[in-house]
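Undergrad: Structure in structure tokens, see below.
Please treat every number below as a calculation from the coordinates, not as lab data. Model, not experiment: these values are computed from the prediction. Virtual Cβ from ideal backbone geometry, glycine too; neighbours counted across all protein chains shown.
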């Protein structure tokens, strides 16, 4: 994962479908919290988010929908809410969580505006 972070590779997460069709038991267990911990302490401590102490930085992650009209009808606002509710089990303040979700939203906007410029 450290190589992905160094290369600037971004991981797209789809919390609703990841839990619904994946091997994740709840939104609190979603790997987005390992990929991009809310604060540096979570990343620096050897433990749940950095099990072997090898990681130095967060991965670039975005939250998206992947099935708006099919099996899992959802909206981006709902995907952010699912992650917000899931992170409450991680003992962070509401301000930390809101700031973290805002960073993820901003990154998503950056990626998609960059992608639309490439198409032109």
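Undergrad: Can you tell me the equivalent ellipsoid semi-axes for the chain? Use √(5λ) from the Cα gyration tensor, largest first, whole Å. Let's see the in-between values first.
TA: Details: eigenvalues 102, 73, 37 Å².
Semi-axes, largest first: 23, 19, 14 Å.
Undergrad: For the pair residue 88 and residue 9, how long in nm is the line joining their label points, each one 7 Å along Cα→Cβ?
TA: The answer from the label model is 3.5 nm.
Undergrad: Considering only 55, 77, 108, give the residue with the highest GNM mean-square fluctuation for the chain, with springs between Cα atoms whenever their separation is below 10 Å.
TA: 77
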